[in-house]
Amino acid sequence: MLQRNVPAFLNKLYNMVNDPGSDELIRWSDDGQSFIVIRHEDFAKRVLPRFFKHSNFSSFVRQLNMYGFHKVPHLQQGVLQADSESERWEFSNPHFQRNQPDLLLLVTRKKGRDPEDKETSTID
């Protein structure tokens, strides 16, 4: 499923999460409001290269952050779960939802600071 005027990253992400063949490593949450990456090292080796030109999980997370995705914290017996090898990484964005590819148009990339703005106050 390809949406016009939507950045390639978001189309690839949506297709990756929707792909039933990769559900053991990445899938929608039960409510469809977020997605979950299981065993991120396996995910990086086996799934990322099928959709992107790399297998770097940190780069993938950086891209998610750039598009306003947030990691969902998980509580276990009232305590935040510690990072571990088997950790589930869950990410959400209000406009990234199961069966709603039309919302992808509303996911926007964060704007960087304009380099022109940095020194304008010091120029006479």
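The values are calculated or read from the model by the stated rules, or taken from the named source; none is laboratory data. Computed from a prediction, not measured in an experiment: that's the story for all the values here. All Cβ positions, even for glycine, are placed from backbone atoms using ideal geometry, and neighbour counts span all protein chains on display. Just the protein is used for accessible areas: all its heavy atoms, side chains included, with ligands, DNA and RNA removed. Shrake-Rupley method; radii C 1.70, N 1.55, O 1.52, S 1.80 Å.
Could you look through segment 51-64, keep only residues that are touching a residue at least 12 places away in the same chain (Cβ under 8 Å), open to solvent by 40 Å² or more (accessible area, probe 1.4 Å) and part of a helix (DSSP H, G or I), and pick out the one that is nearest to Val17 (Cα to Cα)?
By that ranking, first place goes to Phe51.
Hey, can you tell me all the residues within segment 19-28 that are open to solvent by less than 10 Å² (accessible area, probe 1.4 Å) and either more than 15 Å from Lys45 (Cα to Cα) or among the hydroxyl-bearing types (Ser, Thr, Tyr) (or both)?
Ser22
Counting just the residues of segment 29-50 that are farther than 12 Å from Glu90 by Cα and outside any helix (DSSP H, G or I), which one comes out least open to solvent (accessible area, probe 1.4 Å)?
Across segment 29-50, the extreme among qualifying residues is Val47.
With the requirement that a residue be touching a Phe, Trp or Tyr at 6+ places or on another chain (Cβ under 7 Å) and among the β-branched types (Val, Ile, Thr), what does segment 1-35 give you?
Val17, Ile26
Identify all residues within segment 1-18 that are under 19 Å from Gly68 (Cα atoms) and open to solvent by 60 Å² or more (accessible area, probe 1.4 Å); write none if there are none.
Selection gives Asn5, Ala8, Lys12.
So Phe69 ticks every box in (1) open to solvent by less than 70 Å² (accessible area, probe 1.4 Å); (2) modelled with pLDDT of 95 or more; (3) touching a Ser or Thr at 6+ places or on another chain (Cβ under 6 Å) but one. Which box is left unticked?
(3)
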